[in-house]
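Worksheet: the structure to be examined is printed underneath.
The values are calculated or read from the model by the stated rules, or taken from the named source; none is laboratory data. Here the structure is a predicted model, which is why all the values come from computation and not from measurement. Counting neighbours? That spans all protein chains shown, and the Cβs are built from the backbone with ideal geometry, glycine included.
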Amino acid sequence: MLIIILLIFISLYLFLIYPGRSRKKQMLPYEKCYIAHRGLFNNFDVPENSLLAFRKAVADGYGIELDVQLTVDDKLVVFHDASLYRMTGVDKILTECSYEELKEYRLLQTDEMIPLFEDVLKVLKPETPLIIEIKPEGRNIETVRRTVEMMRDYKGLYNMESFDPRIVRYLKDNEPQIIRGQLSYDSVSDKKAHRPFSIRFICTNLLTNFYNRPDYIAYDCNSYRNLSFQIVSRLFHTECVAWTVKSDKQFEQIRKYYDCFIFDSYIPKKEL
């Protein structure tokens, strides 16, 4: 009886974390080049998520990962944090600001400002692999709707991902043609995390995969020993994206568990 219960438990667990059939063929361009995290930045004279950082990434032949949020006046902008403070010195929440207000601020005291998403798309090449992270802050479902609409006429390579399983589910139900990724990391061990432990446990262990069936898993490369991730990567052979690799040494340590690699804070020397 105990063995039967154990087998049922294991079967249920595997069902919950199984992402479904991944679209590996469509992800091949992302495997052939490194993906520059928030562009090719140094956060001195080249701020992250700036037009300058994206131009540099394109010029050097990298793919690009960026973050999209929606302003109070319905403008899609590229910015990572919920708060403006770290990058602009202004203690405000981005999603509570209008774009006209954001235009007054500069990134890290440079000439760069928070860019409109549509302006970022103009500096990319069609062959540049693009990963669009939909941030969970603010009106996140409206954010993904507007992002999808903006991408309808885009001719280049792109996919979308989010930490919020509901956003990934929205893509599954409403835009199944778009490759979708579930972002995650070991939030159970994150002492700064504010979400309830139950939610952190579920997300850490990829237990929402049954709900949104992502095409790929984007998992923190510092958390690669997590059992659920190991099963998804090694047993299910799911497309896995590493974030964020910060050295060639780290790349060599984790490369067998991932297919695509997002980097920052160094220039990769190892060939893919």
Q.
Conditions first: (1) closer than 25 Å to residue 35 by Cα; (2) at pLDDT 95 or above; (3) exposed (fewer than 15 other Cβ atoms within 10 Å of the Cβ). Residue 109 passes all but one, so which condition is the exception?
A. (1)
Q) Any idea which residue in the range 162-193 is surrounded by the fewest Cβ atoms within 10 Å (Cβ to Cβ), counting only those that are in contact (Cβ under 8 Å) with a residue 24 or more places away in the chain and of a type in the set (A, V, I, L, M)? A) 178
Q. Only one of (1) out of contact with any Ser or Thr (no Cβ under 6 Å at 6 or more places or on another chain); (2) assigned to a loop (DSSP other than H, G, I, E, B); (3) of a type in the set (Phe, Trp, Tyr) fails for residue 266. Which number is that?
A. (1)
Q. Within the range 233-263, can you find the residues that are of a type in the set (Ser, Thr, Tyr), assigned to a loop (DSSP other than H, G, I, E, B) and free of Cβ contacts under 8 Å to residues at least 40 places away in the same chain?
A. 247, 258
Q: Take the residues in the range 224-259 that are among the acidic types (Asp, Glu) and closer than 21 Å to residue 21 by Cα, then tell me which one is surrounded by the most Cβ atoms within 10 Å (Cβ to Cβ).
A: 239
